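Below: the structure, in structure tokens.
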Amino acid sequence: MNDEALLRYSRHIMLDEIDIAGQERLLSSRVLIIGAGGLGSPAALYLAGAGVGRLSIADDDVVELSNLQRQIAHTEASLGRSKACSAADAARKMNATCDVRALSARLVDEELIAETGAADVVLDCTDRFSSRFAINRACVETRTPLVSGAAIRFSGQLAVFDTREPSSPCYACLYGEQGDDEALTCAESGVVSPLVGIIGSFQALEAVKLISGAGQPLRGLSTFDALSGEWRRFALPRDPACAVCAGR
């Protein structure tokens, strides 16, 4: 790192748990964020600010007026633009030294596998079960750590699935592969705006920990009740009969 980088990341370097070695790992890391909405917006900004070397942001949607209540990477000037491109621009403004890629087409099949396999960590910031099932399968196949977030109404969820660890479950161990896409979306159910910022920021934090080696990744499933301000944590064992990760 040069003097400018040492100054930029000095507050990380001061932390014994990160130090120069951890910051160097962040600077050489590759992170894939799938979904540039309420969760992906804060995650992208914090990870760019933290010094992730290469940040890929994937989203095939465009910015709409109803998004601006909570999707802080976008502005009124972004209306009608690709969410991936808008979020990528916001991340570049946060940190011009971060190599930010916008992927404005839906990642499916071999492309999803390739992008997942090229990343050190994947953040699932989508809001549909079908997308989450596909992302989980890709992460299991490529053995890429997955940080999963969800937020609806006043309820948030956070989990880390690192199938490099033999005892780690995958997303399908928790939900199987059945779910109603429409019942999950904010458009159908509503969501309080700061909640997605809380969960998305925690996703970024878990990614920083996984990459830098600071602390321990989140174990099990954590849920947040925004009405009471309370977190709860649940043990999440691996399902030996899981259709996705059994026998890996």
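The values are calculated or read from the model by the stated rules, or taken from the named source; none is laboratory data. Keep in mind it's a predicted model, so treat the numbers as computed, not measured. Here the Cβ is made from the backbone with ideal geometry for all residues, glycine too, and neighbour counts use every protein chain on show.
Data table
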read-out: In region 7-22, the residues that are of a type outside the set (Gly, Ala, Ser) and surrounded by fewer than 24 Cβ atoms within 10 Å (Cβ to Cβ); value: 7, 8, 9, 11, 12, 13, 14, 15, 16, 17, 19, 20
read-out: Where a residue in region 187-206 is over 16 Å from residue 68 (Cα atoms) and its partner, wherever it lies, is among the small types (Gly, Ala, Ser) and in a helix (DSSP H, G or I), with Cβ under 8 Å and at least six apart; value: 189/183; 201/43; 203/43; 204/43; 204/50
read-out: Selection from region 205-235 of residues that are assigned to a loop (DSSP other than H, G, I, E, B) and either of a type outside the set (A, V, I, L, M) or at pLDDT 95 or above (or both); value: 213, 214, 215, 216, 217, 219, 220, 226, 227, 228, 229
read-out: Residues of region 2-29 satisfying the condition of being under 20 Å from residue 88 (Cβ atoms) and touching a helix residue (DSSP H, G or I) at 6+ places or on another chain (Cβ under 6 Å); value: 26, 29
read-out: In region 51-66, the residues that are more than 14 Å from the chain's Cα centre (by Cα) and buried (at least 23 other Cβ atoms within 10 Å of the Cβ); value: 51, 63
read-out: Boolean, residue 166 is over 18 Å from the mean Cα position of the chain (by Cα) and either modelled with pLDDT of 95 or more or not small (Gly, Ala, Ser) (or both); value: yes
read-out: Qualifying positions in region 145-181 - in contact with a helix residue (DSSP H, G or I) (Cβ under 9 Å, 6 or more places away or on another chain), in a loop (DSSP other than H, G, I, E, B) and free of Cβ contacts under 8 Å to residues at least 60 places away in the same chain; value: 162, 178, 179, 180
read-out: Options 58, 5, 88, 36: the member that is in contact with a Cys (Cβ under 8 Å, 6 or more places away or on another chain), under 25 Å from residue 212 (Cα atoms) and not basic (Lys, Arg); value: 36
read-out: Residue that is nearest to residue 138 (Cα to Cα) [pool: residues in region 103-119 that are under 17 Å from the mean Cα position of the chain (by Cα) and surrounded by fewer than 21 Cβ atoms within 10 Å (Cβ to Cβ)]; value: 113
read-out: Boolean, residue 212 is in contact with a Phe, Trp or Tyr (Cβ under 9 Å, 6 or more places away or on another chain) and either free of Cβ contacts under 8 Å to residues at least 12 places away in the same chain or under 29 Å from residue 22 (Cα atoms) (or both); value: no
read-out: Residues of region 53-101 classified as in contact with a helix residue (DSSP H, G or I) (Cβ under 6 Å, 6 or more places away or on another chain) and assigned to a loop (DSSP other than H, G, I, E, B), total; value: 11
